[in-house]
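Chemist: My questions will all concern the structure given below.
The values are calculated or read from the model by the stated rules, or taken from the named source; none is laboratory data. It should be emphasised that the depicted structure is a prediction, and the values quoted were computed from it without experimental measurement. Here the Cβ is made from the backbone with ideal geometry for all residues, glycine too, and neighbour counts use every protein chain on show. With ligands, DNA and RNA removed, areas are computed over all heavy atoms of the protein, side chains included. Shrake-Rupley method; radii C 1.70, N 1.55, O 1.52, S 1.80 Å.
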Amino acid sequence: MSTRAAGASGPAAPIRVLVADDQELVRAGFCVILDATDGIAVVGEAANGAEAVAAVAAHQPDVVLMDIRMPVMDGLEATRRITGHRPETPKVVMLTTFDFDDYVYAALRAGASGFLLKDAPRHDLIAAVRAAAAGDALLAPSVTRLLIEAFARRPPATAPSPSRLASLTARERDTLLLLARGRSNAEIAGDLFVSEATVKTHIGHLLAKLGLRDRVQAVILAYETGMVVPGSPPE
């Protein structure tokens, strides 16, 4: 295990990562890759959800790689407990074997910031950790599709009221709509004829007003409130 987290030097501290997976070889593989990457330090491991919750409290990581299916406590419950503590919580990236996992929607609702396939290439693993730490985690197209399909199957009575969006300005609503359409910050800036810095400001304001952790939760809320309707063409 690397000791860089405790004795890091240089202009920026490394991204502190906790790896939670009940398969020792998988867990060890992730740790080796991440510990060998500049700017990232593995600060702990966990073999089940209960250990992950305890390790987060002990090591205070920036990002948790969390397997969905684990003994004792699964990744969903562990994620709920980890992300339920405010204001400062680590970003959780869920590990799954299939991109069509039945638990994708539940994991996003639990507070996960994104998904990563266990057989993803090394550069995707590193990119996912860095994106999550930066708060810029985006839903991959396959996960976005699952999110929409899962929402379409849900009873309408479980959806939050559109009035929850009443506090947003017109420009913040436009930004949220484009986020839900899968646009990047640069694309949103182009669509709205503003700078990327302005887009980041709008996103920060709408997240704060709506009490959301990140842009993934914002996308979920946009679908749940009916701002974006599954199957409808972009406006």
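Chemist: May I ask you to list pairs of residues, at least six apart or on different chains, whose Cβ atoms are under 6 Å apart, with the first in segment 168-190 being under 16 Å from I220 (Cα atoms) and the second being surrounded by fewer than 14 Cβ atoms within 10 Å (Cβ to Cβ) and at pLDDT below 85?
Modeler: Listed pairs, sorted by first residue: R181/P234.
Chemist: How about segment 33-87: which of its residues are open to solvent by 20 Å² or more (accessible area, probe 1.4 Å), assigned to a helix (DSSP H, G or I) and within 24 Å of H123 (Cα to Cα)?
Modeler: I33, D35
Chemist: Six or more apart or on different chains, Cβ atoms under 7 Å: show the pairs whose first residue is in segment 66-82 and among the basic types (K, R) and whose second is open to solvent by 10 Å² or more (accessible area, probe 1.4 Å) and modelled with pLDDT of 90 or more.
Modeler: Correct list of pairs: R81/V53.
Chemist: Further, regarding this structure: Here's a check for you: in segment 93-109, which residue that is assigned to a helix (DSSP H, G or I) and surrounded by fewer than 22 Cβ atoms within 10 Å (Cβ to Cβ) is modelled with the lowest pLDDT?
Modeler: Y105
Chemist: Now a separate question. Only one of E187, E224 is within 27 Å of T89 (Cα to Cα) and at pLDDT 70 or above; which?
Modeler: The unique qualifying residue is E224.
Chemist: Restricting the search to segment 21-32, which residues are open to solvent by 80 Å² or more (accessible area, probe 1.4 Å) and not in a helix (DSSP H, G or I)?
Modeler: Q23, the sole residue that qualifies.
Chemist: How about segment 19-42: which of its residues are free of Cβ contacts under 8 Å to residues at least 40 places away in the same chain and either within 24 Å of G135 (Cβ to Cβ) or in contact with a strand residue (DSSP E or B) (Cβ under 6 Å, 6 or more places away or on another chain) (or both)?
Modeler: Passing the criteria: R27, C31, D35, D38, A41.
Chemist: Residues that are surrounded by fewer than 14 Cβ atoms within 10 Å (Cβ to Cβ), at pLDDT 80 or above and under 13 Å from the mean Cα position of the chain (by Cα): does segment 111-125 have at least one?
Modeler: no
Chemist: So how many residues does segment 196-229 have that are among the aliphatic types (A, V, I, L, M) and within 19 Å of A186 (Cβ to Cβ)?
Modeler: Residues meeting the conditions: 8.
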